[in-house]
Amino acid sequence: MDITCLSCHKVISDSANFCPQCGIKLKEPALSTSIGKQILIYFISFFLAPFGLHYAIKYIKRSDSRAKMVGIVSLILTISAIALMFWITSSFMNALYQPLNFNGF
């Protein structure tokens with residue numbers, strides 16, 4: 001099935017992401033949901049937590065259910081990593097300053 005470019009009115013394939021005549025973006029290209037890409041996204045989401053939000057938002061916005069699932073898992077890993085960081089930091093600070101509170105101050 002062919003479509004017409006809204007900018008230059010050239011008839012093009014409906015599978016094209018860009019018009020070959022004028023270069024206008026017709027639709028967003030599909031995001032990769034390969035195993036390698038998922039491992040990279042999940043690694044970044046957990047170990048570099050704030051950067052995982054970029055991937056989470058990017059993948060959740062897609063209409064593809066597999067891409068949405070990658071985004072949701074990335075968001076969960078990012079939130080879990082941030083919560084774990086706060087818990088570890090709080091525990092460390094309590095252990096560090098607990099001996100200093102021996103007089104009840």
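Computed from the coordinates by the stated procedures, all read-outs in this text should not be read as laboratory data. This is a predicted model, so every value here is computed, not measured. Please note: Cβ atoms are built from the backbone with ideal geometry, for glycine as well, and neighbour counts cover all protein chains shown.
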So, over other residues within a Cβ distance under 15 Å of LYS61, counting Lys, Arg +1 and Asp, Glu -1, the net charge is +3
In order over the range 41-58: 3J(HN,Hα) from phi, Karplus 6.51/-1.76/1.60, θ = phi - 60°, whole Hz, x for each Gly or Pro, gives 5, 5, 4, 5, 4, 8, 8, 10, 2, x, 6, x, 5, 4, 5, 4, 5, 4
Quick note, the chain: a/c under 1.5 would make it rounded; otherwise a/b > b/c is prolate and the rest oblate (a ≥ b ≥ c, C-alpha gyration tensor); here it is prolate
Mean-square fluctuation maximum in Gaussian network of the chain, Cα pairs under 10 Å, restricted to MET85, MET93, MET69, hits MET93
Lys and Arg at +1, Asp and Glu at -1: neighbours of CYS5 with Cβ under 13 Å from its Cβ sum to +1
With a Förster distance of 30 angstrom and the Cβ-Cβ distance between MET1 and SER80, calculated FRET efficiency to the nearest 0.05 equals 0.10
Once both label points are put 7 Å beyond Cα along the C-beta direction, the THR89-ARG66 separation in nm becomes 3.7 nm
Flagged as over-length at 24 Å C-alpha distance, from LYS37/LYS68; LYS10/LYS37; LYS10/LYS68; LYS10/LYS61, the pairs are LYS10/LYS37; LYS10/LYS68; LYS10/LYS61
Rounded to the nearest 500, the 222 nm mean residue ellipticity computed for the chain from DSSP H runs (n ≥ 4, each -39500 (n - 2.57)) alone is -19000 deg cm²/dmol
Which of PHE51, PHE86, PHE43 fluctuates most in a GNM of the chain (C-alpha springs under 10 Å)? That residue is PHE86
Candidates LYS37, LYS61, LYS27; GNM for the chain (alpha-carbon contacts under 10 Å) flags as most fluctuating LYS27
